[in-house]
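Report on the structure given below.
The values are calculated or read from the model by the stated rules, or taken from the named source; none is laboratory data. Just so we're clear, the structure is a prediction, and the values are computed from it rather than from any experiment. Ideal geometry is used to build each Cβ from the backbone, glycine not excepted, and the neighbour counts take in all protein chains shown. SASA here: full protein model, heavy atoms, side chains in, ligands and nucleic acids out. Shrake-Rupley method; radii C 1.70, N 1.55, O 1.52, S 1.80 Å.
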Amino acid sequence: MSGDLVDTGLLGPAHLPYLLRLADGSLILAQRLLEWCGHGPVLEQDIAFANIALDLLGQARLLYTHAGAREGRGRDEDAFAYWRDEQAFLNPTLVELPNGDFAQSVVRTYAYVAYQHGLWPALQTSTDPALAAIAAKSHKETSYHVEHLEGWMIRLGDGTAESHTRMQRALDLVWPYTTELFTEDTVTLAVAADGLGPTTAHLAEQWTGATQAVLATATLQAPPPSPFRSTGQQGRHSDHLGYVLLEMQALTRAHPGARW
Amino acid sequence: MVVSTDLRGDRFSDFEPPPRHGRGLRWDGSIGGVWTLLAEISDPEIPVVSLLDLGIIRDVAHTPEGVTVTLTPTYAGCPATEVICADVKAVLAEAGIAHVTVRQQLTPAWTTDWISAKGRVALQDYGIAPPCAVAAERTQTLQFKPACPRCASHQTVCLSAFGATPCKALYRCETCREPFDFFKPL
């Protein structure tokens, strides 16, 4: 029965995993950013990460709600966020990495929001009109995130010897995980073929152009390409995601259906 | 030293929070009447601006059972959206509309350009610098020089690109030295 529903509601077998990759990416990065709440190095930055997290959470909610409607099996946003286990999450490993120090959080968040900044405009011509609408809305907010993070990349990269060292260390650690964002697989190929979303080559071009300019101004060096490929979007995660989900899902699972 | 034991009595005896929405209004059965009711509902975070002035009401239509109100959320993650939907339902039900449906519509995405002239003046009077027009080419999106809502000086600096709500940034006026909120163009 579910097969019939999937065929009518979803545009091909890659549709649901694609929506979940995007939604999970936003949700897990929001969770990571919210860990900074109350711990930011300065008040303004504390507020900034919390605000960016709220926008990401908004993206995730829209995408989950839409995915559930398309899937037609009665799953709502909470079903996706709270009642799936680790292997069912399809976020790229990049967003589940620990925050580390402030430099590492800045580099990781910048890498992902810069990716979104190239993704949203490309999705505005998606054959899924609701996805196009979510992308158009999100793009306006992401523009603020990118500019804010670019500012920190440059200020800290081209800052003191200490801040530069920490940023370069963060870049060496985080950057290899960005390859996954542009790795072709059956989902991305089907998405591009069905007109649901852009090719990974297009996204790579957008992202590389934007980030190279910022890294140059920030006097930072991207590490040389490596054969390493993270696999979060396949549901094979690092050890870190389990702890994020444990904290996020514990209350809901301990008290199913609780309301306040 | 005299210490007031009743701060509430001293300072806040005259203070009554503004009504969140109009009370006692009745629906006249027309679509125009629904718009009039919606104009009485204020934004939960910025009570001086009505939902109409905020520019988030996209459509009002009759249904066989009652009316449907279509609204556009401001920020995707803004918690105020849920409160707004509940307020719309509550006020319209109170005015005698039997069945109210609130629909959210994402396209076209909300823009601060839809805030009415009246809304802009209300923001300014409330101490929030209204948003400037959204530029077609969005370059340097966080770099603005809003006029101080208190003294109108343009000698203002951004203290924090993100503020107390998703829609605002925190600024300071270098002339009168007061901090103020700026409604970010979106």
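Here is a list: A:Gly25, A:Gly40. Which entry is outside any helix (DSSP H, G or I) and more than 9 Å from chain B (Cβ to nearest Cβ)? First the steps, then the outcome.
Values: A:Gly25 fails: outside any helix (DSSP H, G or I).
Residue meeting the stated conditions: A:Gly40.
Take the residues in region B:94-107 that are over 15 Å from B:Arg26 (Cβ atoms) and in contact (Cβ under 8 Å) with a residue 12 or more places away in the chain; name whichever of them is farthest from the other protein chains (Cβ to nearest Cβ).
Step one: of region B:94-107, the residues over 15 Å from B:Arg26 (Cβ atoms) are B:99, B:101-107.
Now drop any that are not in contact (Cβ under 8 Å) with a residue 12 or more places away in the chain, which leaves B:99, B:101-106.
Details: B:His99: 22, B:Thr101: 16, B:Val102: 15, B:Arg103: 13, B:Gln104: 9, B:Gln105: 8, B:Leu106: 4 Å.
Out of the qualifying residues, it is B:His99.
Please work out if B:Arg120 is more than 14 Å from chain A (Cβ to nearest Cβ), open to solvent by 50 Å² or more (accessible area, probe 1.4 Å) and within 19 Å of B:Asp53 (Cα to Cα). Spell out the reasoning first.
Working: more than 14 Å from chain A (Cβ to nearest Cβ): yes; open to solvent by 50 Å² or more (accessible area, probe 1.4 Å): yes; within 19 Å of B:Asp53 (Cα to Cα): yes.
Here the answer is yes, as B:Arg120 does meet what is asked.
Conditions tested, residue by residue: (1) of a type in the set (Asp, Glu); (2) assigned to a loop (DSSP other than H, G, I, E, B); (3) within 14 Å of chain B (Cβ to nearest Cβ).
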site: A:Ala48; (1), (2), (3): no, no, yes
site: A:Leu57; (1), (2), (3): no, no, yes
site: A:Leu63; (1), (2), (3): no, no, yes
site: A:Gln87; (1), (2), (3): no, no, no
site: A:Asn91; (1), (2), (3): no, yes, no
site: A:Val107; (1), (2), (3): no, no, no
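So the check is Cβ under 6 Å with 6+ separation or different chains; which pairs have a first residue in region B:43-63 that's over 22 Å from B:Ile97 (Cα atoms) and a second one that's among the acidic types (Asp, Glu)?
Every condition considered, the pairs that remain are B:Val49/B:Asp43; B:Leu54/B:Asp43.
Could you tell me which of the residues B:Thr101, B:Thr156, B:Thr72 is open to solvent by 30 Å² or more (accessible area, probe 1.4 Å) and at pLDDT 90 or above? If you could, list the steps in order and put the result at the bottom.
Values: B:Thr156 fails: open to solvent by 30 Å² or more (accessible area, probe 1.4 Å); B:Thr72 fails: open to solvent by 30 Å² or more (accessible area, probe 1.4 Å).
Among B:Thr101, B:Thr156, B:Thr72, only B:Thr101 is open to solvent by 30 Å² or more (accessible area, probe 1.4 Å) and at pLDDT 90 or above.
Can you pull out every residue in region A:114-131 that is over 17 Å from the mean Cα position of the chain (by Cα) and open to solvent by 10 Å² or more (accessible area, probe 1.4 Å)? Spell out the reasoning first.
Going residue by residue through region A:114-131, those that are over 17 Å from the mean Cα position of the chain (by Cα) are A:124-130.
Answer for region A:114-131, where residues must be over 17 Å from the mean Cα position of the chain (by Cα) and open to solvent by 10 Å² or more (accessible area, probe 1.4 Å): A:Gln124, A:Thr125, A:Ser126, A:Thr127, A:Pro129, A:Ala130.
Has region A:141-158 got at least one residue that is part of a helix (DSSP H, G or I), open to solvent by 60 Å² or more (accessible area, probe 1.4 Å), of a type in the set (Lys, Arg) and within 14 Å of another protein chain (Cβ to nearest Cβ)?
For region A:141-158, residues part of a helix (DSSP H, G or I), open to solvent by 60 Å² or more (accessible area, probe 1.4 Å), of a type in the set (Lys, Arg) and within 14 Å of another protein chain (Cβ to nearest Cβ): present.
Within region A:79-107, how many residues turn out to be within 13 Å of the chain's Cα centre (by Cα) and open to solvent by 30 Å² or more (accessible area, probe 1.4 Å)?
0
Against the definition (more than 17 Å from A:Ala50 (Cα to Cα), in contact with a helix residue (DSSP H, G or I) (Cβ under 8 Å, 6 or more places away or on another chain) and either open to solvent by less than 20 Å² (accessible area, probe 1.4 Å) or at the interface with chain A (Cβ under 9 Å from one of its Cβ atoms) (or both)), how does B:Leu186 come out, yes or no?
Details: more than 17 Å from A:Ala50 (Cα to Cα): yes; in contact with a helix residue (DSSP H, G or I) (Cβ under 8 Å, 6 or more places away or on another chain): yes; either open to solvent by less than 20 Å² (accessible area, probe 1.4 Å) or at the interface with chain A (Cβ under 9 Å from one of its Cβ atoms) (or both): yes.
So B:Leu186 passes the test.
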